[in-house]
Amino acid sequence: MSHFVRQSKYRHVYSDPPKHDDCWTGFRLSTATGEQQYIKANPKFFAVALQGGGGPFAIVDVNQPSRYMPGTPVISGHSGAVLDFDWNPFHDNIIASCSDDCTIKVWGVPDEGLTETITDPLVDLRGHGRKVTLLRFHPTASNVLASTSADFTPKIWDIEKGVEMHSMDGIHDQLIQDMVWDHTGGLMATSCKDKSIRLIDPRASSVAQTIENAHDGSKSSKITFAGNKGTLVSVGFTKQSMRQIKVWDPRNGCALTKTLDIDQAAGVIIPFYDGDTNILYLAGKGDGNVRYYEFVDEDPWCFALSEFRSTTSAKGLCWVPKRGLDIMACETARALKLTSNSVEPLSFRVPRKSDAFQDDIFPDTFSGEPSHTADEWWGGSDKEPETMSLNPINRPQGGGSSSFTPMKTPAQLTKELDEAQARIEFLEKKLQDAGISF
């Protein structure tokens, strides 16, 4: 009967429950709620919002589990609660945050982490009329950031210049529940409270395609592109509150290619698609399980692989980029699960006995280097993400460290001008005292 078993390198992917010593504990988490994930990570750090004035959020070393102690330095420069943040995919020390105070701020994190509380941002972006709810960095263009707000308007920013590149007014008239880029950043998709999913050309501010009533339920729907497959995955609810997956083909008029009912639970599901392994991970807010499915290029399109089960419910969840994984232990994905006061790492592995690099399960992956600049992308450039080998022998050093020099603010320029003028006056007096005419 073995010839009836579907062959797959990832059929036996598993995750063991984390040990207490591998977790981060002691967080007094912010009580602000919304559409966000509540936690975001890169290969070096993760960020979580905390209780307190100034919209504080913690920056924590992703490789050193510990108890988070009161008084630890934080980033705290907003006048309202922080609702979302996102790490710059091309610079591991740059993070953007958005808040109830209608602003977006960009921060620099020292290589060693926070040694003192930071209150002055590198860049302060203003333009939204109401609270800013979601942030998404561009996947291939350096320093391009997308945001959306309770004013229903997505905006595109150049964070290095500190300017708004574009505002997509009039496309939505209700709250945007999710916003994602496709794998090259040439297309953006949004899910909205009106139950429609819109595929938008962000440079033309035009809606390319609309999927009306994508999910019949009234709860939030979340979306993700399936890597370079060209398909869009949405996760939402039926009228009977059944959670479900739907797969859409934008190349064929957004035709529905697959519907898969999951369960009757109430939590909104956060999807993550790993384009290297073609595995879709689903984790729900309010429940502890993580389901995963392998996608293929023909009917039935996806296969259920397994499920990580836990009785500890999740407040939010994020995924560590491949550059931060333990490749030699065959770790193909790692989630950070945020609970009521802790962060648990969930490591997903392929069982292999060999100590050698497994090139069949680790294809070249995103390198952390931009494919083009913000100006090039805005001018019409479309490029695939830059990739690199994960083999320790061939793997390049660095990644995620592209240049970032923010434009100086008017206050900084005024200060520098005043200092220069004072220096000129000092030197002029020196010359006069020496009897030198000029």
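The values are calculated or read from the model by the stated rules, or taken from the named source; none is laboratory data. Worth saying up front: this structure is predicted, and the values here are computed from it rather than measured. Don't worry about glycine lacking a Cβ; one is built from the backbone with ideal geometry, like all the others, and counts go over all protein chains shown.
The figures follow:
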item: Region 281-305 - residue that is among the acidic types (Asp, Glu) and surrounded by fewer than 18 Cβ atoms within 10 Å (Cβ to Cβ) and, of those, nearest to residue 334 (Cα to Cα); result: 297
item: Yes/no for residue 181 being in contact with a Leu (Cβ under 8 Å, 6 or more places away or on another chain) and within 23 Å of residue 76 (Cα to Cα); result: no
item: Restricting region 185-217 to residues that are of a type in the set (Ser, Thr, Tyr) and more than 19 Å from residue 271 (Cβ to Cβ), the residue that is modelled with the highest pLDDT; result: 210
item: Condition check for residue 278: farther than 24 Å from residue 199 by Cα and surrounded by 13 or more Cβ atoms within 10 Å (Cβ to Cβ); result: no
item: Residue that is nearest to residue 11 (Cα to Cα), among those in region 377-394 that are surrounded by 16 or more Cβ atoms within 10 Å (Cβ to Cβ) and not small (Gly, Ala, Ser); result: 390
item: Identity of the residue in region 208-260, out of contact with any Asp or Glu (no Cβ under 9 Å at 6 or more places or on another chain) and of a type in the set (Lys, Arg), that ends up surrounded by the fewest Cβ atoms within 10 Å (Cβ to Cβ); result: 251
item: Tally of residues being among the basic types (Lys, Arg) and under 20 Å from residue 253 (Cβ atoms) across region 183-203; result: 2
item: Candidate set: region 246-275, residues that are of a type in the set (Asp, Glu) and out of contact with any Gly (no Cβ under 8 Å at 6 or more places or on another chain); chosen: the one farthest from residue 235 (Cα to Cα); result: 263
item: Cross-chain or 6+ apart pairs with Cβ under 6 Å, region 338-353 first and over 12 Å from residue 320 (Cα atoms), then in a loop (DSSP other than H, G, I, E, B) and among the hydrophobic types (A, V, I, L, M, F, W, C); result: 341/27; 342/23; 344/23; 349/330; 350/13; 350/330; 350/361; 352/330
item: Any hit, region 176-192, residues being surrounded by fewer than 18 Cβ atoms within 10 Å (Cβ to Cβ) and over 22 Å from residue 371 (Cβ atoms); result: no
item: Residue match in region 46-69 (condition: surrounded by 14 or more Cβ atoms within 10 Å (Cβ to Cβ), of a type in the set (A, V, I, L, M, F, W, C) and closer than 20 Å to residue 286 by Cβ); result: yes
item: Flag for residue 116 being surrounded by fewer than 21 Cβ atoms within 10 Å (Cβ to Cβ) and in contact with a Pro (Cβ under 8 Å, 6 or more places away or on another chain); result: yes
item: Residue 227 vs. criteria more than 30 Å from residue 310 (Cβ to Cβ) and not hydrophobic (A, V, I, L, M, F, W, C); result: no
item: In region 328-341, residue nearest to the chain's Cα centre (by Cα) [restricted to those that are more than 26 Å from residue 230 (Cβ to Cβ) and buried (at least 19 other Cβ atoms within 10 Å of the Cβ)]; result: 336
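Residue-by-condition table, conditions (1) within 22 Å of residue 322 (Cα to Cα); (2) touching a Phe, Trp or Tyr at 6+ places or on another chain (Cβ under 9 Å):
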{"residue": "210", "(1), (2)": "no, no"}
{"residue": "215", "(1), (2)": "no, yes"}
{"residue": "227", "(1), (2)": "yes, yes"}
{"residue": "235", "(1), (2)": "no, no"}
{"residue": "253", "(1), (2)": "no, no"}
